[in-house]
Structure formats: structure tokens, C-alpha cells
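Here is the structure we will look at.
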Amino acid sequence: MKLIAPSMAYDRQIQAYRQEFLAQGGSMDGSGSLRRFASTQEWLKEVEALSKAETTPPHLVPMTQYIYVRETDDKVVGVIQIRHYFNAFLEKYAGHIGYSVCPSERRKGYATQMLKLVLPTCKQLGIDRVLISCIEGNEGSRRTILNNGGKYESTVYLKEQDVYLERYWIDL
């Protein structure tokens with residue numbers, strides 16, 4: 001398994017990841033706007049723009065995007081995104097990191113490994129405490145966070161999506 005920056009070299013695999021989510025449903029967390037882009041190239045343009053403060057729109061924050069690739073068959077099994085700092089929404093609801101695993105690849109420990117691999121990058125970005133949230137009742141995500149040292153802080157209600165989000169902190 002490897003955690004890498006997305007590129008056109010993985011165009012087919014990124015689109016297969018996207019298509020599986022579109023067919024089976026799910027929120028595709030940690031992929032930015034991949035759901036909206038039928039073209040990997042267009043998505044990568046946005047990923048690049050959001051990687052720098054000077055090209056990030058004012059309502060968003062700079063972020064670092066990764067894909068998690070199984071080396072035996074080059075399949076993209078997950079995506080993970082680090083938000084470099086908070087805006088009001090991220091601070092209350094979403095946190096520093098978003099991630100998802102392809103529906104057909106869940107329950108194999110991939111999310112736990114992705115999160116473990118990305119935490120040193122958070123530290124390099126100057127983040128000493130990482131906030132991660134998950135939808136209440138999402139046991140897989142909760143276990144992923146707890147397995148990486150997450151400590152429960154609180155649960156908040158996100159009215160726009162009618163969901164409760166559990167907030168966890170990981171000290172680095």
C-alpha cells in the first residue's frame with residue numbers, strides 16, 4: 001500500500017473509485033470535489049489550486065490531497081485530505097482530516113493505515129492536535145480514529161445535513 005499525491009497516472013483508477021461511490025452511494029469524504037468532476041484532469045486542477053494559500057478561494061482553506069493505492073493491482077482503495085487550518089465550518093464540524101474507503105474495500109483496515117500514514121504530514125504542517133469528526137453511528141470511522149489515538153471530545157449537530165457528528169482529537 002502507498003499513500004501518494006493524485007496524478008493523471010492514476011486517471012483510470014481515480015475514475016473507478018469515483019464511479020463505485022456514485023453507483024453505491026456514500027459521501028466520498030476526503031476527496032474534495034471529486035464527485036462533481038467527470039474528468040480527473042479537472043479534479044487535479046482544483047486539487048492543485050487548493051494546495052496553496054494564494055490560489056485557495058476565500059471560503060475554503062488550503063489542503064493536501066492523497067490517494068491510497070494498493071500496489072499489487074494499482075487500485076485506488078481510499079482518499080484522504082488534510083486541511084491545513086480551520087475556517088468556522090471545519091472548526092465546528094469537519095476538522096483537519098477527511099477520508100473515505102471504496103465501498104468494496106471496507107473492513108480491511110485501510111482507513112486506519114491511511115490515517116496513520118498521514119499524521120506525520122500533519123505534524124510537518126505545524127498541526128499539533130488533529131481534529132477529526134465522524135457521523136454518529138459510523139463504527140468503522142470511529143474505530144479508525146480511536147485506533148490512531150483519537151480522544152472523544154463532543155457531539156455536534158449539523159442542521160444542513162441533519163446529522164450528528166462526533167468530534168475526536170489526536171495529539172501528535
- Give the shape of segment 4-88 as rounded, prolate or oblate, defined through the alpha-carbon gyration tensor: a ≥ b ≥ c are the square roots of its eigenvalues, a/c under 1.5 means rounded, and otherwise the shape is prolate if a/b is larger than b/c and oblate if not. prolate
- Could you give the nm distance between label points at Ala9 and Glu153, where each point is 7 Å from its Cα heading toward the beta carbon? 3.7
- Query: Taking the Cβ of Glu153 as the center, what net charge do the other residues with Cβ under 9 Å away carry, scoring Lys and Arg +1 and Asp and Glu -1?
  - Reply: +1
- Query: What number, rounded to the nearest 500 deg cm²/dmol, is the helix-based mean residue ellipticity at 222 nm of the chain, given -39500 (n - 2.57) per DSSP H run of at least four residues and division by all its residues?
  - Reply: -8500 deg cm²/dmol
- Rg/Rh of segment 78-143 (Cα atoms, Kirkwood Rh), to two decimals, equals 0.96
- Query: What does the charge count near Glu91 come to, summing +1 for each Lys or Arg and -1 for each Asp or Glu among other residues with Cβ under 13 Å from its Cβ?
  - Reply: +3
- Message: Given contacts defined as C-alpha pairs under 8 Å and at least six residues apart, what's the relative contact order of the chain, whole-number percent?
- Response: 18
- Item | Separation of the Glu42 and Thr56 label points, Cα + 7 Å toward Cβ, nm | 2.4
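Just so you know, all these numbers are worked out from the coordinates, no wet-lab data involved. As the structure is a prediction and not an experimental result, all values here were calculated from the model. We place every Cβ from the backbone using ideal geometry, glycine too, and count neighbours over all the protein chains shown.
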